[in-house]
Structures are given as C-alpha cells and as structure tokens.
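Readers should treat all values here as calculations from the given coordinates under stated rules, not as data from a laboratory. These numbers were taken from a predicted model, which means no experiment stands behind them. FYI the Cβ positions are ideal-geometry reconstructions off the backbone, even for glycines, and counts take in every protein chain you see.
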C-alpha cells in the first residue's frame, strides 16, 4: 500500500520551475524551466512518468499542479500579444520550488 | 502534411493514420512505428487483435461525441457545473467512458477568456470525446507556434481574437486531457440540444476557432 502523498502547494502559491536538464525522459517543457508562475489547482496525484518511461511502476505517485505563467514572462519580447495573455502547464511537484510572492502583471 | 509557414492545411486536415491504409507513402517515422509494432507482436508483447481492437475503439469516437457534451452543458447549468468540476463523471453520465488512464478536464471559454489546447511534448488529445486528432494538431508547426504565438495560429484558422480577451494556452504535458467548452454563440436561444450540437466543431473544442453561428448551418 503506497503512502499518502501530501501536496506541498495550493492554489495561488507562487512557484518556480527547476532549471535542470536531465538526459532522461521528463515532461517539464524547456520554456518554463527557471520561470516563476502561480499554482491554479492541484490536478491530482499521478504515477511518475520519469519512472514509467523506463518500465518502472511510477511509484510513489506524485502531486501534479496546473501552473499559470504570464506569456510575457516566458517569452519576454518574443511574445507579441497583450500582457494579460497566459499559458498553463501541468507540472509535477518535484519540478517546483517555492518562489517569492509575485503580482500578476495586470493587477 | 504540416508545412513551415502555417498550420492549417485543409487539403490534408483529415489524412488517414498510417497502418489503416496501404496506398499512401508512409513517413520514416510511421514506418518505424509499424516496424516496432510488428516486432512487439512477433515477440508476444502485444497481441495483434488487441491492437486492432484499440485502434477500432479510438477511431469509433468522433467530434460529434464531444459536441453532444458541449451542447448539454449549454442547455443545462447543472450539467455544465458537473463538466467543469468532474469531467470524467459528467461524460460517463452521458455514456462516454474514457479510453485511457488519463483524466479529462474541461476549460470554459467566456467573453473575457479564450482557451487553446496543445501538447508540445507529443500530441496528447481528448480522443475519447473527439476521436483521432487531426494531422495539424500533431505537427511540429502547431506544437511550437501555439505556445508562443497563439493569436497568429487562431488567425490562420479564421479567428481574430480581441485584445481585451485573455488568450490562455493549455499545454497538456501530463496525465490530463483537455476539452475546451466554447461559449454558446449568440442568437441560439430556443435551439434544441441537437441543433446546438451541430454548431460545435472539433476545432472549437481544441480552441483554434469558435463554434459556428446559427446562420451558417443549413436546415
């Protein structure tokens, strides 16, 4: 029986994505690495894809969060749309660190 | 099928999957996938009949299924709330079981907010409700451009989004599949659920376009 997993973050928490570049399969896209966003919701607890990709059982399961980022903070001058535009990414807990509180650009 | 300058290629919008037709030239990737499949079957890891069964099950789903779910949410506020809080249960109540282990979530479009779904890592897609994804959705062009220039991509699909509307891209990187719940078009008061479902296109449930307006649907 696997242990209950306590989710570390909740809605509204500011989180920073780790900048690691492991050679193994991982599902954190490059464009959010090192970026800071806001947790929207805990999606649930899911098997770890970094284990499953290599035939592992994916345990222990891990909290997965929907994290919101301002497009202008991701792409900076590369984003041509309004500053209110956002991008949401589903990120596993081990890829997140607490960040200082940030304000939304349009607040 | 995908080209470097745009994403939307109407001539190849629904090209068949490799393996389901023998008279098209397969890409190197498709040939490799088929070779691996053949090897896995030869070695007894996969059962040939099971592969066919899964392909058949996935191919049997179509955007008409998702359209029914959307139309139900438009006419019934309780169904809409259920869809937004527990999409798996909501679609199960309409007779749709999810064909994979992943969860389903619905993203509601409003006057101020428009969602666009992509999978930059591969091509995750709510196939249980929409059927197989279109080739353009799986293309490098869409997967790379949707995250950095979503408004340009939507423009190519004919949707010009006002600057006052927040465009929110959803990159489905993990175990959730996302379905956009588009805004109900104006001028549809009094339409039946069946008539409303005809307005809901596959592309509006991905978020690259909006649903059709009632004037565009012939009786």
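Here are the numbers:
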{"item": "Filtered residue count, region B:171-191, keeping only those that are over 13 Å from the mean Cα position of the chain (by Cα) and more than 14 Å from chain A (Cβ to nearest Cβ)", "result": "9"}
{"item": "Residue B:121 outside any strand (DSSP E or B) and within 25 Å of residue B:54 (Cβ to Cβ)", "result": "yes"}
{"item": "Spans of strands (runs of 3 or more DSSP E) in region A:6-107 with at least 3 residues within 11 Å of chain B (Cβ to nearest Cβ)", "result": "A:36-46, A:62-70, A:86-92"}
{"item": "Members of region B:34-61 that are closer than 20 Å to residue B:126 by Cβ and surrounded by 14 or more Cβ atoms within 10 Å (Cβ to Cβ)", "result": "B:55, B:58, B:59, B:61"}
{"item": "Filtered residue count, region B:172-203, keeping only those that are in contact (Cβ under 8 Å) with a residue 40 or more places away in the chain and touching a strand residue (DSSP E or B) at 6+ places or on another chain (Cβ under 8 Å)", "result": "9"}
{"item": "Residue list for region B:124-164, restricted to those being free of Cβ contacts under 8 Å to residues at least 40 places away in the same chain and not in a helix (DSSP H, G or I)", "result": "B:133, B:149, B:160, B:162, B:163"}
{"item": "Which listed residue, of B:95, B:131, B:158, B:66, is touching a strand residue (DSSP E or B) at 6+ places or on another chain (Cβ under 8 Å) and either over 20 Å from residue A:66 (Cα atoms) or buried (at least 19 other Cβ atoms within 10 Å of the Cβ) (or both)", "result": "B:66"}
